[in-house]
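Encoded as structure tokens, the structure appears first; notes follow it.
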Amino acid sequence: MRLLYSLALLALSISQSHAAQIALIIDDIGYRHTDQAVLALPSTVTLSVLPHTPLGKELANAGHKKGHEIMLHLPMQALNGKALGLGGLTNTMTEAQIRASVVDAINSVPFAKGANNHMGSLLTQLDDPMLWVMETLKQKHLYFIDSMTTRFTKAGETADQLGVPLLKRQLFLDNDISAKALERQFSLMISQAQTQGNLVAIAHPYPETMRFLKANLQRLKTEGIDLVPASSLLPIGIAHKNGTNPTVTLR
């Protein structure tokens with residue numbers, strides 16, 4: 001009996017030390033005053049801030065002070081031709097222009113440790129622009145999370161080849177902000193994290209999403225899942241620890 005009890009304790013200890021982990025990134029931050037609601041989320045939620053936005057620097061500073069990990073949400077040209085805003089990267093820009101724009105974007109978001117692409121379903125398919133972006137991120141010691149806005153993205157492949165610490169978005173939480181859809185995606189996020197061991201999810205600072213997250217994030221703990229900063233999922237030896245693409249949305 002004593003041996004069985006010891007084995008049970010050991011199994012429990014192992015399972016607890018290998019809890020599933022979710023990195024939840026809220027991006028598109030910086031334009032709206034309602035974006036300040038992200039500061040009410042747990043500090044383990046990662047905040048990705050658009051460059052050169054009216055509230056970007058303020059929210060990056062406030063988020064960092066509260067303990068949030070800060071990322072740069074780097075605008076890249078989309079197939080749908082949607083306007084990018086300041087700091088946007090396009091296929092008409094030269095190498096020098098892209099490199100300078102990335103550096104300016106990094107400088108506009110205090111405390112940024114990593115970057116992910118905003119839209120980019122066109123630009124992330126192009127070899128040279130992705131090479132220039134990733135080389136610049138590497139020089140500035142930023143990791144990269146491929147938002148996976150197209151299945152044909154070359155961003156992650158290029159980052160990996162250059163040794164830029166890399167993760168990939170595995171789930172969008174709020175492409176549909178109805179209560180039913182948010183619950184469906186949240187439940188899917190939990191089940192995938194439990195199956196895979198860890199998961200990178202992206203959401204946005206919509207009022208509906210913020211209300212849902214405030215009411216439901218505590219469910220992760222009861223499901224045996226730790227909410228962690230994005231860099232915590234990076235491979236061991238690159239920064240902290242580990243990081244499919246079931247849903248692809250062109251942006």
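The values are calculated or read from the model by the stated rules, or taken from the named source; none is laboratory data. Values in this document were obtained by computation on a predicted structure and should not be read as measured data. Neighbour counts are summed over all protein chains in view; Cβ atoms, including those assigned to glycine, are modelled from backbone coordinates with ideal geometry. Areas reflect the complete protein model, heavy atoms only, side chains present, ligands, DNA and RNA absent. Shrake-Rupley method; radii C 1.70, N 1.55, O 1.52, S 1.80 Å.
Just so you know, in region 150-169 the residues that are in contact with a Leu (Cβ under 7 Å, 6 or more places away or on another chain) and open to solvent by less than 40 Å² (accessible area, probe 1.4 Å) include one that is farthest from V133 (Cα to Cα), and it is T150.
Taking the numbered list (1) in a strand (DSSP E or B); (2) more than 27 Å from D226 (Cβ to Cβ); (3) in contact with an Asp or Glu (Cβ under 9 Å, 6 or more places away or on another chain) in turn, L47 passes all entries but (2). When G67 is tested against (1) crowded, with 18+ Cβ neighbours inside 10 Å; (2) in contact with a Ser or Thr (Cβ under 7 Å, 6 or more places away or on another chain), just one condition goes unmet, and that condition is (1). Residues that are out of contact with any Gly (no Cβ under 6 Å at 6 or more places or on another chain) and either open to solvent by 20 Å² or more (accessible area, probe 1.4 Å) or among the β-branched types (V, I, T) (or both) were ranked within region 52-64; the one that is nearest to V103 (Cα to Cα) is K57. Among all residues of region 107-125, there is at least one that is β-branched (V, I, T), more than 30 Å from K65 (Cβ to Cβ), open to solvent by less than 40 Å² (accessible area, probe 1.4 Å) and in contact with a Lys or Arg (Cβ under 8 Å, 6 or more places away or on another chain). All of (1) under 13 Å from I29 (Cβ atoms); (2) at pLDDT 95 or above; (3) over 19 Å from the mean Cα position of the chain (by Cα) hold for P75 with one exception: (3). Residues considered: D146, D176. Of these, the only one that is within 16 Å of the chain's Cα centre (by Cα) and either open to solvent by less than 50 Å² (accessible area, probe 1.4 Å) or not hydroxyl-bearing (S, T, Y) (or both) is D146.
Across region 185-228, the qualifying residues are those that are out of contact with any helix residue (DSSP H, G or I) (no Cβ under 7 Å at 6 or more places or on another chain) and assigned to a strand (DSSP E or B), and the one among them that is surrounded by the most Cβ atoms within 10 Å (Cβ to Cβ) is I202. The condition of being out of contact with any strand residue (DSSP E or B) (no Cβ under 8 Å at 6 or more places or on another chain) and modelled with pLDDT under 95 holds for only one of G163, G237, G243, that being G237.
Residue by residue, here is whether (1) assigned to a helix (DSSP H, G or I); (2) over 21 Å from G56 (Cβ atoms); (3) under 15 Å from the mean Cα position of the chain (by Cα) holds:
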| residue | (1), (2), (3) |
| --- | --- |
| T92 | no, yes, no |
| I98 | yes, no, no |
| V102 | yes, no, no |
| N117 | no, no, yes |
| T124 | yes, yes, no |
| L137 | yes, no, no |
| F152 | no, yes, no |
| Q161 | yes, yes, no |
| L167 | no, yes, yes |
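Against the list (1) modelled with pLDDT of 95 or more; (2) over 18 Å from S43 (Cα atoms), the condition L227 fails is (2).
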